Amino acid sequence: MTGVAGVVLQVLLVAVGSPLLVGVMRQVRARLEGRAGAGLWQPWRDLRKLMRKQAITPAGTGWVFRAAPMVLAGTALVVAAVVPLVTTESPLDGVADLFAVTALLALGSVALALAGLDTGTAFGGMGASREVTVLALVEPTILVSVFALSIPAGSTNLGELVAAAEANWLSLLSPVTLLAAVALAIVSIAESGRIPVDNPATHLELTMIHEAMILEYAGPDLALIEWASAMRLTLLLGLLAGLFAPWGIATAGAGALGLLVAAIVVVVKVTVLGVALAAGEVFMAKLRLFRIPELLAGSFLMALLAVAASYFLV
Amino acid sequence: MSIRTVTEIRPRDLPGEAERLLGDGYRLALVSAHEQARGFGLVYLFTAADPDRRSELRLLVPFENPAVPSLAGLSFPAGRFEREVRDLYGVTPLDHPLPRRLVRHHHWPRGWYPMRADAGPPPSFGDPEGPFPFVTVAGPGAFEIPVGPVHAGLIEPGHFRFSVVGESIIKLKARLWFVHRGIEKLFRGRAVADGLPLAERVSGDTSLGHALAYCLAVEEALGVTVEPEAQARRAVLLELERLYNHVTDLGALCNDVAHSILHAQAGRVRERLLRINAEVTGHRLLREAVSVGEVKLRSLPDPAQLREIGADVAEIAALALGHKVVADRFTGTAVLGAQAAKDLGTLGYVARASGLDVDARRDHPTLDLGAFPPAVESGGDVLARFQVRVREIAASIELIARLLDRPPATVPATGPQGTGVGIVEGWRGTIVHRVELGADGTLAHVKIVDPSFFNWPALPVALRGAIVPDFPLVNKSFNLSYAGNDL
């Protein structure tokens, strides 16, 4: 029973908390830059404003354009139910496989890229082309680094991975984990469209990646995409925290108190990661577009080294 | 002492005379057309530096089938001036190699010339001739990206047509004149003092530069002498305008590579400078301080405070260039070669970043500034344009201190002539105004040239071979005025 309660709890946490995480990150950036900032609740206020607007779609777009926000938000919610954020004991344990999770996140990205193409505008196509370029470099890195992590545990099931790491946390102190952690951190930044790969705050349509794809969205559809993007960022950070610092995640048999503690711990961990990411961004600049593949190739190399290390060091 | 020579010539002598002047080191600074009793009067103003020389060629073409020989083969800017005159007044340049429309909007009917006195109200929107015939780039993988005139951010309107393969720009065509307001026509018939508010609004970020150029032109036309101290104070204001705009753009360049902390810091410095502007003139954008024959200041800026700001800016610039990613984004991006910059007639920091030693403060002085070396870089890329502006900030602050310390001697003015030319090195580059007064002392005709008119064609040239996501950065490094170009 605690499994179901845990899953409900973590889906709620992600759904409600992810815009707040974005708010925290913006506030951190604002304060570090010497600005007052709009406050933690601004992303939620933006979503409320967008939800009240009329739904509108550009002429000539089809079902792909209309379905994409739903697919993006839907996949994010499924991933939120599956990954071990609060509890490793998900009733959906059978699909809590790292490959499945990666594929679900990629499905959302592909849906959005197709929607960008569906608009028939130059920006939609340009954004989709850039997004898919990044995606094509991100996916192999995620798969390979996950493979490296799964070798000690002997499983790609996320719950088992986290439970094994939690039980034997000394196993985390190895070059395998370090290399995989760095590789996954870099691709998480790329996947969630943050600096130095993409700039979520820009108004310059020609430099955009993620924003260019969704330029044609407005109103509730845009709200759905913004919300889903925040959730994806939260999930990626939560996944990183879960894989490399698994302490506090409720395992089988944990009671209500255990779940509550786990929820607080995951909020703290994700917030710390988000703050660190936002603080790091302040001192970064955006890479030239053609340098991004170099960065991602570097992260792929680290993932590959992690796999090699996992064989040599076992 | 600047002497403007005026030569009345026949239209067929124009190419020969122009060739002679261009050969003597002159550049074509302005072409003005206006309706006279017996036809269109055309004025070609040539200027040269060291010593300051100005030479005007005047000619008259009849109202019936007005045409002049084209100078496009001699000078690239001349070809653009001719197209501007053709679109606004209907004077055809004969044998023009690139006769496409320049100013003319696609909803303007053929044969409607908005600057003529009998033009009437603007025509309603329509599409009489279809879209602009952009040159299409064909080939495997080539496609077009149309951008603007309405953009995602709050910027001025311009349409950019990129022909790209992947992310590489093969060709860029910029279509401007979406904010053509006919401002030169609004001057006509106004009293001289009433022209000043218009001049201040030619381009919002260059209020003072245009106001000063207008005043210098009117003063020459009326034969007004300005006290050396007043002239020095005007020069101080001109530097204050340069300071706040340069600081803004240094921050904006950092923002365009998503290095927002330096943008925020530059914004802080900019605000300090704007407040100094308000203290000195009562207006943050330096409006209503300069008027014909005089200048009114509430207080003088404090050189010590400015030097402190200068140290702040130097630190921001050093942090930007010390950042590996920022330096990588700036270096080698969109190189404008020295020869291209010269051929296109570029002005201001764009020209100086490509190695051209041009600066109207030295070349067409109102004050004897003594040794005044302009900041020149040779790279021609975004980095060079950034560095030129960093150096100009430091130079401006020192110049202000020098001007406040001891006003230098003025360059004496000439007597009343009925026409006058004002040349000012605004922050963007050389601004030229030419006014003609009527018999009753009102403004008969005003022609304005913002440096943006010369610099816009350099942007596509610099961008050849660059990548699409670098465009906003490159565009910001040029930071050309749409309003000043479109008039």
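How shielded is B:145-153 by partner chains, expressed as the average number of their Cβ atoms within 10 Å of its Cβ atoms?
Rounded to a whole number, the mean comes out at 4.
Tell me the mean residue ellipticity at 222 nm calculated for chain B from its helices only (DSSP H runs of n ≥ 4, each -39500 (n - 2.57), averaged over every residue, nearest 500).
Values: 17 runs with 197 residues, N = 487.
After summing the helix terms and dividing by residue count, I get -12500 deg cm²/dmol.
Taking the simple approach of a point 7 Å from Cα along Cα-to-Cβ for both B:F143 and B:R272, what is their distance in nm?
Calculated label separation equals 4.8 nm.
Please go through the range A:271-311 and write out the chymotrypsin sites (Phe, Trp or Tyr not before Pro) that DSSP classes as loop and that have at most 15 other C-beta atoms within 10 Å.
Values: sites: A:F283, A:F290, A:F300, A:Y311; in loops: A:F283.
When the chymotrypsin sites (Phe, Trp or Tyr not before Pro) of the range A:271-311 are filtered for loop state and at most 15 Cβ neighbours within 10 Å, A:F283 remain.
Add +1 for every Lys or Arg and -1 for every Asp or Glu among the other residues with Cβ under 13 Å from the Cβ of A:P84, and state the total.
Numbers: positive: A:K269; negative: A:E89, A:D93, A:D97, A:E160, A:E166.
Summing Lys and Arg as +1 and Asp and Glu as -1 gives -4.
If you restrict to DSSP beta bridges whose two residues both lie in the protein assembly as shown, what percentage is antiparallel, to the nearest 5? Walk me through the numbers on the way to the answer.
On the way: 48 of 58 bridges.
About 85 percent, rounded to the nearest 5.
Could you work out which residue, out of A:L239, A:L295, A:L158, moves most in a Gaussian network model of chain A, that is, has the largest mean-square fluctuation with Cα springs under 10 Å?
A:L295
How about B:K324: which lysines have a C-alpha closer than 28 Å to its C-alpha, ignoring those fewer than 8 places off in the same chain?
Cα-Cα hits under 28 Å: A:K286, B:K476.
Which one, A:G120, A:G298, A:S90, is farthest towards the positive end of the dipole of chain A when Lys and Arg carry +1 and Asp and Glu -1 on their Cβ?
Value: A:G120.
Please rank B:L383, A:L178, fewest neighbouring Cβ atoms within 10 Å first, as an exposure proxy. Please list the in-between numbers first.
Working: B:L383 23, A:L178 16.
Least to most surrounded, the residues fall as A:L178, B:L383.
Within a 10 angstrom radius of the beta carbon, how do B:I261, B:I448 rank from fewest other beta carbons to most? Before the final figure, lay out the partial values.
Numbers: B:I261 21, B:I448 26.
By the 10 Å Cβ count, ascending, the order reads B:I261, B:I448.
List the chymotrypsin sites (Phe, Trp or Tyr not before Pro) in the range B:1-105 that DSSP assigns to loop (not H, G, I, E or B) and whose Cβ has at most 15 other Cβ atoms within 10 Å. Which are they? Let's see the in-between values first.
Numbers: sites: B:Y26, B:F40, B:Y44, B:F46, B:F63, B:F81, B:Y89; in loops: B:Y26, B:F63.
Loop-located and lightly packed - B:F63.
How well do other chains shield peptide A:203-211, expressed as the mean number of their Cβ atoms within 10 Å of each residue Cβ? Could you put the intermediate results ahead of the total?
On the way: counts 6, 13, 8, 15, 9, 2, 1, 0, 1.
So the per-residue partner count for this stretch is 6.
Would you please name the trypsin sites (Lys or Arg not before Pro) within the range A:10-80 that are DSSP coil residues with at most 14 other C-beta atoms within 10 Å of their C-beta? If you can, show how the numbers build up before the last one.
Details: sites: A:R26, A:R29, A:R31, A:R35, A:R45, A:R48, A:K49, A:R52, A:K53, A:R66; in loops: A:R35, A:R52, A:K53.
Those satisfying the criteria are A:R52, A:K53.
How high is the relative contact order of the range B:183-479? Use alpha-carbon pairs under 8 Å, at least six apart in sequence, and give a whole percent.
Details: 552 pairs, mean separation 89.1, N = 297.
Value for the range B:183-479: 30 percent.
What are the DSSP H helices in chain B that stretch 24 Å or more along their long axis, judged by alpha-carbon atoms, and whose average Kyte-Doolittle hydropathy comes to at least -1.0? If you can, show how the numbers build up before the last one.
Working: long enough: B:228-256 (42 Å, -0.27); B:260-281 (31 Å, -0.13); B:303-322 (28 Å, 0.72); B:382-405 (35 Å, 0.77).
The answer, listed by residue number, is B:228-256, B:260-281, B:303-322, B:382-405.
What angle do you read, to the nearest 10 degrees and between 0 and 90, between the alpha-carbon axis of helix A:219-244 and the longest principal axis of chain A?
With both axes taken from Cα atoms, the answer is about 20 degrees.
Could you list A:V187, B:V435 so that the one with the fewest beta carbons within 10 Å of its beta carbon is first and the one with the most is last? Provide the component values of the computation, followed by the final result.
Details: A:V187 25, B:V435 30.
Lowest count first: A:V187, B:V435.
Just the number, please: percent antiparallel of the DSSP beta bridges in the range B:3-94, rounded to the nearest 5. Could the numbers behind the result be given before it?
Details: 17 of 26 bridges.
If I count the DSSP bridges inside the range B:3-94, around 65 percent turn out antiparallel.
Considering every residue in A:189-198, what mean count of other chain Cβ atoms within 10 Å of its Cβ is obtained? Walk me through the numbers on the way to the answer.
Working: counts 0, 0, 0, 0, 0, 1, 5, 4, 1, 1.
Counting other chains' Cβ atoms within 10 Å and averaging over A:189-198 gives 1.
May I ask for the longest run of chain B untouched by trypsin sites (Lys or Arg not before Pro) that are loop-located per DSSP and have at most 12 neighbouring C-beta atoms (other than their own) within 10 Å? Walk me through the intermediate numbers first.
Details: sites that count: B:R38, B:R100, B:R110, B:K296, B:R298.
Longest gap between qualifying sites, sites excluded: B:299-487.
How far is helix A:158-167 tilted, in degrees, relative to the longest principal axis of the Cα atoms in chain A, given as a value from 0 to 90 rounded to the nearest 10?
The answer is roughly 40 degrees.
Taking chain A as the reference, fit the longest principal axis to its C-alpha atoms, fit the long axis of helix A:175-191 to the helix C-alpha atoms, and give the angle between the two in degrees, 0 to 90, nearest 10.
Taking the Cα atoms of chain A, the angle to A:175-191 is about 20 degrees.
Read-outs: derived from the displayed coordinates by stated rules, not from any lab. This one's a predicted model, so the numbers in the text were calculated from it and none came from an experiment. Cβ sites come from the backbone with ideal geometry, for glycine too, and all protein chains shown count toward neighbours.
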